[in-house]
Amino acid sequence: MCSQGLGAALHQRQIVDGEPREGAICYISRQLKDSEARYGDTQTECLCLVWAVEKLHYYLEGAVFEVYTECTALKSLLNMNTTNRHILRWQIAIQEYRGNMTIIYKEGKSHTNADGLSR
């Protein structure tokens, strides 16, 4: 995520020659709309998560998966008490993944694959 766009990468862990490896399945990105460009960092990160999960739902539906993010607030998105209408709507949108999705904090500089897509 950056001030210009959203980006996400879908990877799958595989065992190749007895070694665990991560293989890319797809990369997605899009520009922010004018109204979205005015969101704060946490709102933009939430938007990115919801957009990516909705865009990749054919891959994710019924699967157990991890979301890596540089936004610590995103980890508590599912349990956040808020009156912000955007975040409330996004909580509802990702509710079906609640038991299967784990949100994990990862330092921003290690997000080269998805971060480059949002620029």
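The values are calculated or read from the model by the stated rules, or taken from the named source; none is laboratory data. As the structure is a computational prediction, the values presented were derived from the model and not from experiment. Ideal geometry is used to build each Cβ from the backbone, glycine not excepted, and the neighbour counts take in all protein chains shown.
A few points about this structure:
- Residues of the range 28-54 that are touching a residue at least 40 places away in the same chain (Cβ under 8 Å) and polar (S, T, N, Q): Ser29, Gln43, Thr44.
- Some residue of the range 23-31 being surrounded by 12 or more Cβ atoms within 10 Å (Cβ to Cβ), part of a loop (DSSP other than H, G, I, E, B) and more than 10 Å from the chain's Cα centre (by Cα): no
- For Gln14: the one exception among (1) assigned to a loop (DSSP other than H, G, I, E, B); (2) at negative phi: (1)
- Single residue of Glu66, Glu19 found to be touching a Ser or Thr at 6+ places or on another chain (Cβ under 6 Å) and surrounded by fewer than 16 Cβ atoms within 10 Å (Cβ to Cβ): Glu66
- For first residues located in the range 68-96 and of a type in the set (D, E, K, R), partners that are loosely packed, with under 15 Cβ neighbours inside 10 Å and assigned to a helix (DSSP H, G or I) and lie 6+ apart or on another chain with Cβ distances below 8 Å form the pairs Glu70/Gly108.
- Only one entry in Ser118, Ser110, Ser35 is at pLDDT 90 or above and either under 12 Å from Leu6 (Cα atoms) or of a type outside the set (A, V, I, L, M, F, W, C) (or both), namely Ser35.
- Within the range 39-82, the residues that satisfy the criterion of being farther than 14 Å from Gln95 by Cα, polar (S, T, N, Q) and assigned to a helix (DSSP H, G or I) are Thr42, Gln43, Thr44, Thr72.
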